[in-house]
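Heads up: the structure comes next, in structure tokens.
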Amino acid sequence: MSETRWQLLQDVFDGLLARAPEERTAWLAGLDIDESIKREAMALAEDEEHADASLSDHVRAAAARSSMPFASQQLGAWRLLEEIGSGGMGTVFLAERTDDAFDQRVAIKLLRGIPTRES
């Protein structure tokens, strides 16, 4: 695929993702570009939408399986103090160093849906 075609495909794909699914066909129809690019971009956008839905299902299932209370848990030299945020990809905790090497607080993000020895 040429660099020009690839860039056009990327631009159309980005444009599709920026629109609600019910608006995409009409938006594509208004573009003066090769029909094969329109079809390919639409297929990629639909695949992206299905992948996001599937990933969200996996993340929710993994979160439901997890019963570990994170507060006061130890991760190496770090102790988790409190949850400071969460979203679709994981949870962020305030943590502090427990060894004598440093007196430091940091944010640690624990990702959801990543296979572990227990899952």
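The table that follows gives values for the structure above.
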| item | result |
| --- | --- |
| Computed E for Asp32/Glu3 - FRET, C-beta separation, R0 22 angstrom, nearest 0.05 | 0.65 |
| Spin-label model distance (nm) - Asp11 vs Asp100, 7 Å beyond Cα toward Cβ | 6.3 |
| Packing rank of 23-35, 3-15, 84-96, where each peptide gets the mean count of other beta carbons within 10 Å, highest leading | 84-96, 3-15, 23-35 |
| Estimated inter-spin distance, Ala18 and Glu49, nm [label 7 Å along Cα→Cβ] | 1.8 |
| Amide proton proximity set for Ile33, modelled H, under 5 Å, gap of 5+ | none |
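We did not get these values from a lab; they are worked out from the coordinates using the rules stated. Please read all numbers here as calculations on a predicted model, not as lab measurements. No Cβ is skipped: glycine too gets one built from the backbone with ideal geometry, and neighbour counts run over all protein chains shown.
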